[in-house]
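Report on one structure; see the data block that follows.
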Amino acid sequence: MKTKYINLKEEYNEEKIKETAKEIVAGNLVIFPTETVYGIGANALNSEACKNIFKAKGRAGDNPLIVHVNNFDMIKQIIEEPNELEKKLLNTFCPGPFTIILKAKSIIPKSVTAGLDTVGIRMPSNKIANKLIEYAGVPIAAPSANVSGRPSGTKIEDILKEFDGKVSAIIDAGMVDIGLESTVVRVIDNKVRILRPGKITKENIEKLGIEVEIDKNILGKYDGKEKVLSPGMKYRHYAPNTKCMMVYSKNEDAMVNKINELITGKNALVVCRDKNFDKYDTKNKIKMGNSLEKMAHNIFSILRQVDKYDVDIVLIEGMEKDGLGLALNNRLLRACEYNYLEI
C-alpha cells in the first residue's frame, strides 16, 4: 500500500482534509493529529476497518478503542442515554482531552469495544481532527499512532517508519499541543473513577463538586483479574528498548545525588529537568523541561530518542503524583516497566 502524505504543518487546508476523509469512508486507515497525540483511525461503524487498526499496531484484541466524535448529536447515535452526572462531565470537558466510558448502542462493533457493552467516547478540540470526522460523516475509532508497546506518537517524524505502507494517509500537522493521551473516566456508583490520567486532572473534576477516585491500576501493575475497561491499563506501554528507571524524592538534591550515584561507572543516560542538567556527571543527558506541562509535552518524543544513545540504562527524574504529575507517573512507570525508586 502506498501511503499518502498530507503536509499541514505550514497551513491549514480544508480541501486536503475533505479529500483524506474519503479514505475513512472507504474503510481505510488514516493517521491524524489531535490535541493530545496522533491517532490511527478508521470508521468506527466498520468492523473490518477497525480490525485493521489492531493489525497495523500489533495491538491485542482485548484492548478497546476510543471512538472520536465531533458533536453531541453524533454521541447520541452511538451510546445509550447518559445519566445526569455523565451529561455534566460531557458538557464540561467536551470538546477536549477527555474520554468517558458509556453504554454503547449495538451500532458500535464488538471489534471496537473488545467485546464489552461500553465504549470510550471523546470529542477532540483539534480543528483538523474535528473536520476529518465532519467530512467523513462517521465517528472515528482511533488509538494512539504507535506500534503497541512503543511510546505514543506526538510528531510524525517519530512514527513514520512504523506506519508507512500500513495506512492509506498520514496528516502531518507538526508537534501536538499536549503530548499525553486523554484522561479516561467512568461513572461508577455516582462517583467518577479515573481509569487513565491525563490533562484533565482529578482536581479539575473535583471542582465540579464530584467525588473522584483513582483506579488502582494507574500506579500499580494490572492484576489480570478484571476485563480491561480503558486503553493503557493492561499491557506494556510507552517503553523504549533500553532499560529505564525512574528515581524520585521530594528533596530534589537527594534525587540528583541518588541518580549520580546510580550512574557512576555505568554507560548511562539521564533524562532530567532543564534546571538540573548541569548537575549530572555524564555526557549523555536529555532535557525534558521544568514544568509538568512541558515535561508532558516532551516525554513521548524523548522516550523515542533514548535508544539512539546506545546506553545500558536510562535514569529518569520522577515527579509528584498529583495534578498532571499523576499522568506523567502513570506513563513513566509503564515505560520503566515499574523499575522505580523513591527515596
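Where helices (runs of 4 or more DSSP H) sit wholly within region 98-208, those with at least 2 residues that are open to solvent by less than 30 Å² (accessible area, probe 1.4 Å) occupy 110-113, 127-136, 156-163. Scanning region 237-253 turns up at least one residue that is over 25 Å from the mean Cα position of the chain (by Cα) and in a helix (DSSP H, G or I). Scanning region 5-13 finds no residues that are buried (at least 24 other Cβ atoms within 10 Å of the Cβ) and in contact with a Ser or Thr (Cβ under 7 Å, 6 or more places away or on another chain). The residue of region 257-307 that is nearest to Val176 (Cα to Cα), among those that are open to solvent by 30 Å² or more (accessible area, probe 1.4 Å) and assigned to a strand (DSSP E or B), is Lys287.
The criterion of at least 2 residues that are over 24 Å from Lys105 (Cβ atoms) and of a type outside the set (Val, Ile, Thr) is met by the following helices (runs of 4 or more DSSP H) wholly inside region 3-94: 14-25, 47-57.
Within region 23-48, restricting attention to residues that are in contact with a Phe, Trp or Tyr (Cβ under 8 Å, 6 or more places away or on another chain) and within 15 Å of Tyr135 (Cβ to Cβ), which residue is surrounded by the fewest Cβ atoms within 10 Å (Cβ to Cβ)? Per the criteria, the residue is Phe32. Among the residues of region 72-97, those identified as over 17 Å from the mean Cα position of the chain (by Cα), touching a residue at least 12 places away in the same chain (Cβ under 8 Å) and open to solvent by 60 Å² or more (accessible area, probe 1.4 Å) are Phe72, Gln77, Glu80, Asn83, Lys88, Thr92.
The values are calculated or read from the model by the stated rules, or taken from the named source; none is laboratory data. Note that the structure is a prediction, hence the values are computed from the model and not measured. Note that each Cβ is placed from the backbone with ideal geometry, even for glycine, and that neighbours are counted across all protein chains shown. Surface areas here come from the heavy atoms of the whole protein model, side chains and all, with no ligands, DNA or RNA. Shrake-Rupley method; radii C 1.70, N 1.55, O 1.52, S 1.80 Å.
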